[in-house]
């Protein structure tokens, strides 16, 4: 069994805030164009995509502001922690994302950064629409009610 499988499903980072701030639509699985020390740092389980966003620029899709800290045993050729990283998608998917962003005013949000079953780094992204403050309150109220309901069922059920 490989090292990343022992930690679960190879999950490196999750953007938990995305489900609260956005109504998520279609999801896509994208590869990342990385350098060697970035992959080694990800294998250590160190990354942060909470503040990251996806930006379509010049016919390509880029992951901006994601934080992959420098590899601890890296030398002077270690990578830049917050550099823009190119996402690897099929042309059809790129066109679909460009169309949704330009036409509908949608946002592309990173959801999860993980290693797939072949050991490759993947990023799950979603087409999203921003929630209003009222919708966020409704989501929080519904989550609190479900939590309360579970407590009641556990005690009296």
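The values are calculated or read from the model by the stated rules, or taken from the named source; none is laboratory data. Since the model is a prediction, treat every value here as computed from it, not as a measurement. FYI the Cβ positions are ideal-geometry reconstructions off the backbone, even for glycines, and counts take in every protein chain you see.
Below are the figures for this structure:
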| quantity | calculated |
| --- | --- |
| Residue in region 66-87 that is surrounded by 10 or more Cβ atoms within 10 Å (Cβ to Cβ), within 18 Å of the chain's Cα centre (by Cα), part of a helix (DSSP H, G or I) and touching a residue at least 24 places away in the same chain (Cβ under 8 Å) present | no |
| Residue list for region 87-106, restricted to those being more than 26 Å from residue 11 (Cβ to Cβ) and out of contact with any strand residue (DSSP E or B) (no Cβ under 6 Å at 6 or more places or on another chain) | 91, 92, 95, 99, 102, 103, 104, 105 |
| Filter result for residue 12 (surrounded by 17 or more Cβ atoms within 10 Å (Cβ to Cβ), touching a helix residue (DSSP H, G or I) at 6+ places or on another chain (Cβ under 6 Å) and either within 30 Å of residue 135 (Cα to Cα) or free of Cβ contacts under 8 Å to residues at least 12 places away in the same chain (or both)) | yes |
| Residue under evaluation residue 117, criteria (1) assigned to a loop (DSSP other than H, G, I, E, B); (2) modelled with pLDDT of 90 or more; (3) buried (at least 16 other Cβ atoms within 10 Å of the Cβ), criterion not met | (3) |
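Residue-by-condition table, conditions (1) in contact with a helix residue (DSSP H, G or I) (Cβ under 7 Å, 6 or more places away or on another chain); (2) more than 23 Å from residue 9 (Cα to Cα); (3) surrounded by fewer than 16 Cβ atoms within 10 Å (Cβ to Cβ):
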| position | (1), (2), (3) |
| --- | --- |
| 46 | no, no, no |
| 108 | yes, yes, no |
| 127 | yes, yes, no |
| 135 | no, yes, yes |
| 139 | yes, yes, yes |
